[in-house]
């Protein structure tokens, strides 16, 4: 009897639900009413989001990244200026109630900084500048602030496959490998994944022995996501509504192009559609890509044992023009920002099939662009 009472008391003492912070980067210019970076609480049992709160004011903080082990957040400011005194990258500490305190800020070195990532060791921040066609690496100081830029690389030339959008470089994302010794920049204008070796001691990055991987002409690689095994990666092709499987050799720091699949169903009209985000499920079994125009999330099944890769369906994003999305660390939910309709919606992920289904949970945030999670 006593044991039963103790067990009952222990259950009563547990919180009814678990939750974590959800950070949403936004566009603040134009007709948007957003003022910066917003934060919600996620109920991890239901996928419900609390009313969004302005975590920090910033200009066009379109993309954010969370430090892997410390309460720190880094955000790019997607602005046209590349002047030395312009603000293109901001470091924040994460405080009480998820609110952000600015530590420092720096120029991005190139116009329209559109993507930011923290390396897995937590020592560096990397960014990609879309209009500027460049990328940069910054050391993280002990207090979480940004040090002086360690490396800056200006890409040159475009693939010319598309006469309107590929006459110049357009670096669209930067991501790191499993130990932060290599960085991969998806350049939409060049139709390349540009590759850099990262020197942790010097806090610099230089072109890898394989300087780039050529992608399908006219595809426009946008984002890049590693499989948990780090033997594979995936990149969405913005302009042709496709996703590419890539094979990675960590020993030789080399990358090869594999199977390329469409992100739209065969019956869909691809006119006006473009892809945005590409992420791998924590289990490594599924890959997801957002379709802007078709307003859906495309789902794919991947088997690392034999490299098989296939489409498994499309789910409405519960809004218009889905941009960035995040997958919760436990793999249960996909949360997507719908830029044009101004809402952030939660989709449930079936752990066995990878299929998505609406939870009915959504919050209003103007012009959401990016979704990331913090569990500190």
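The values are calculated or read from the model by the stated rules, or taken from the named source; none is laboratory data. These numbers come from a predicted model, not from an experiment. Reconstructed Cβ throughout: ideal geometry from the backbone, glycine too, with neighbour counts over all protein chains shown.
At a glance:
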quantity: The lone exception for residue 25 - which of (1) closer than 17 Å to residue 338 by Cα; (2) at pLDDT 95 or above; (3) assigned to a loop (DSSP other than H, G, I, E, B) it fails; calculated: (3)
quantity: Filtered residues of the range 144-163 (kept if part of a loop (DSSP other than H, G, I, E, B) and in contact with a strand residue (DSSP E or B) (Cβ under 7 Å, 6 or more places away or on another chain)); calculated: 144, 145, 147, 149, 150, 155
quantity: Residue, surrounded by the fewest Cβ atoms within 10 Å (Cβ to Cβ), within the range 114-125, restricted to residues that are closer than 20 Å to residue 81 by Cβ and either without any contact (Cβ under 8 Å) to a residue 60 or more places away in the chain or touching a helix residue (DSSP H, G or I) at 6+ places or on another chain (Cβ under 8 Å) (or both); calculated: 114
quantity: Residue within the range 220-236 that is free of Cβ contacts under 8 Å to residues at least 40 places away in the same chain and in contact with a strand residue (DSSP E or B) (Cβ under 9 Å, 6 or more places away or on another chain) present; calculated: no
quantity: Flag for residue 154 being surrounded by fewer than 19 Cβ atoms within 10 Å (Cβ to Cβ), within 14 Å of residue 108 (Cβ to Cβ) and at pLDDT 95 or above; calculated: yes
quantity: Residue that is nearest to the chain's Cα centre (by Cα), among those in the range 162-179 that are crowded, with 19+ Cβ neighbours inside 10 Å and more than 16 Å from residue 113 (Cα to Cα); calculated: 176
quantity: 2 or more residues within 22 Å of residue 44 (Cβ to Cβ) and free of Cβ contacts under 8 Å to residues at least 40 places away in the same chain: qualifying strands (runs of 3 or more DSSP E) within the range 272-376; calculated: 343-349
quantity: Residue in the range 208-215 that is under 16 Å from residue 137 (Cα atoms) and modelled with pLDDT of 95 or more present; calculated: yes
quantity: From the options 201, 166, residue that is without any contact (Cβ under 8 Å) to a residue 40 or more places away in the chain and out of contact with any strand residue (DSSP E or B) (no Cβ under 9 Å at 6 or more places or on another chain); calculated: 201
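Residues are listed down the side, and each one gets a yes or a no for (1) over 19 Å from residue 229 (Cα atoms); (2) crowded, with 22+ Cβ neighbours inside 10 Å; (3) modelled with pLDDT of 95 or more:
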{"position": "280", "(1), (2), (3)": "no, no, yes"}
{"position": "286", "(1), (2), (3)": "no, yes, yes"}
{"position": "292", "(1), (2), (3)": "yes, yes, yes"}
{"position": "295", "(1), (2), (3)": "yes, no, yes"}
{"position": "309", "(1), (2), (3)": "no, no, yes"}
{"position": "320", "(1), (2), (3)": "yes, no, yes"}
{"position": "328", "(1), (2), (3)": "no, no, yes"}
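Yes/no matrix, rows are residues, columns are (1) over 18 Å from the mean Cα position of the chain (by Cα); (2) surrounded by fewer than 24 Cβ atoms within 10 Å (Cβ to Cβ); (3) closer than 21 Å to residue 32 by Cα:
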| position | (1), (2), (3) |
| --- | --- |
| 67 | no, yes, no |
| 70 | yes, yes, no |
| 78 | no, no, yes |
| 85 | yes, yes, no |
| 94 | yes, yes, no |
| 97 | yes, yes, no |
| 101 | yes, yes, no |
